[in-house]
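What follows is calculated from the coordinates using simple rules that are stated; it is not laboratory data. Being a predicted model, the structure only gives us computed values, none of them experimental. So basically every Cβ, Gly included, is an ideal-geometry build from the backbone, and we count neighbours across all protein chains shown.
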Ligand code: NAP
C-alpha cells in the first residue's frame, strides 16, 4: 500500500522506521517544516504544507496514496481535520495515531483547562513566575498578561505577540526529572503550563512540579474528527495496517 504518514512526532518516526523495512508498504513521511532542523524520519520525506484540504486531496491523488496515517502531534488540529476531510472525499481510509494523554497521580496539583486562553488566565491567577512549555505557537494567548514573568521554553523562537516580561529558553527534550527540578528551582517557577501532550519525552516536568508542590495548568486535547480510526501506539497502528492490507489482498498472505 502507498501510505502518506503525517509526522512531526517520535511515534511517526518510529512507525516510518518500521514500515520502510516492510516490502508491502511504500511510505512517504510528511513534515510541516516548522522546526529549522527537524529530525528526519527513515525513508522518503517531503516537507511543507499541502495548501489546505484541496491541496492535500490533489497531492493524495497525484501520488496515488491509498491510506493516510496521521501521526502528528495530538494538538496539530488543523492538519488532522484537513486529512480527515481529504480522505473522506476520496474514500480513503485514515488512521489517527495519537498517544494517550497524561493522568494525574496523587500529589499532582493540576488545573485542566479547555484551551490556551483559559490556560493563560488560570496561570496568571495561580502564580507570578510561569514556565510555559506549550511549544512556540500559542504563546500569543499569554501576551495580554502584563503582571507575571514567563520562562518560554521552545525548540525554535516563538513568533507573534509575547508577554512583556519574559525570557526565552531554546531547548529540545527529552529532559530528565533532575534537569526539570533544577530549572524550576533556578528560575523560582511557581506554576507550569503544558499541553496534555502525553508520552514520556516531556513528562519529567510533571514529576518535577509534583515534587516541588507546584500547580500545573494542563490544556486538554482537541477532539479527533468523527469517522477516523484512532489508535494509541505504533504497534496498534501496524496491526490496523496489517488488517487492511490483508483485507485488500482478499485475505491472501502478501
Ligand atoms: P496544524 O496547526 O495542525 O497545521 C497547520 C498547517 O501546517 C496545516 O494546515 C498544514 O498546512 C501544515 N502541516 C501541519 N502538519 C503537517 C505535516 N505533517 N505535513 C505537512 N504539512 C503539515 O499543525 P501544528 O500544530 O502547527 O504542527 C505542525 C507540525 O509540528 C506537525 O507535524 C506536528 O506533528 C508537529 N508538532 C506540533 C506540536 C503542537 O503542539 N501543535 C508539538 C510538537 C510537534 P497546509 O494547510 O498548507 O497543508
### Task
Describe numerically, in nm with one decimal, the distance between label points set 7 Å from Cα along Cα→Cβ at residue 105 and at residue 185.
2.1
## Note on the structure
The base-10 log of I(q)/I(0) that the Debye equation returns for the stretch 163-251 at q = 0.14, 0.18, 0.23 Å⁻¹, one scatterer per C-alpha, is -0.69, -0.90, -1.20
### Message
Multiplying the sequence separation of residue 40 and residue 212 by 0.36 nm and subtracting their Cα-Cα distance, what value in nm do you get?
### Response
58.3 nm
### Query
How far is helix 77-90 tilted, in degrees, relative to the longest principal axis of the Cα atoms in the chain, given as a value from 0 to 90 rounded to the nearest 10?
20
### Message
What distance in nm separates the two pseudo spin-label positions at residue 233 and residue 170, each 7 Å out from Cα along the beta-carbon direction?
### Response
3.7
### Query
What residue among 199, 160, 101 shows peak mean-square fluctuation when the chain is described by a Gaussian network model with Cα springs under 10 Å?
160
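Can you tell me the relative contact order of the chain? Whole percent, Cα pairs under 8 Å, sequence separation 6 or more. Let's see the in-between values first.
Values: 470 pairs, mean separation 50.6, N = 254.
Across the chain, relative contact order equals 20 percent.
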### Summary
Candidates 69, 113, 240; GNM for the chain (alpha-carbon contacts under 10 Å) flags as most fluctuating 240
### Query
How far, in degrees from 0 to 90, does helix 116-126 lean away from the longest principal axis of the Cα atoms of the chain, to the nearest 10?
20
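Relative contact order for the stretch 1-142: what percent, with Cα pairs under 8 Å and sequence separation of 6 or more?
Numbers: 177 pairs, mean separation 29.9, N = 142.
RCO, the stretch 1-142: 21 percent.
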### Query
Rounded to the nearest 0.05, what FRET efficiency do residue 90 and residue 200 have when you use their Cβ-Cβ distance and R0 = 35 Å?
0.50
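Can you compute the equivalent ellipsoid semi-axes for the stretch 1-126, i.e. the square root of 5 times each eigenvalue of the Cα gyration tensor, sorted largest first and rounded to whole Å? Walk me through the numbers before you get to the answer.
Working: eigenvalues 194, 61, 38 Å².
Working from the Cα gyration tensor, I get semi-axes of 31, 17, 14 Å.
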#### Entry: Cα long-axis angle, helix 177-186 against the chain (0 to 90 degrees, to the nearest 10)
40
### Query
How far is it, in nm, from the label point at residue 117 to the one at residue 247 when both lie 7 Å from their Cα along the line to the Cβ?
4.0
### Kirkwood-Stokes translational diffusion coefficient of the chain, alpha-carbon pairs, 10 °C, 1.306 mPa s, µm²/s
81
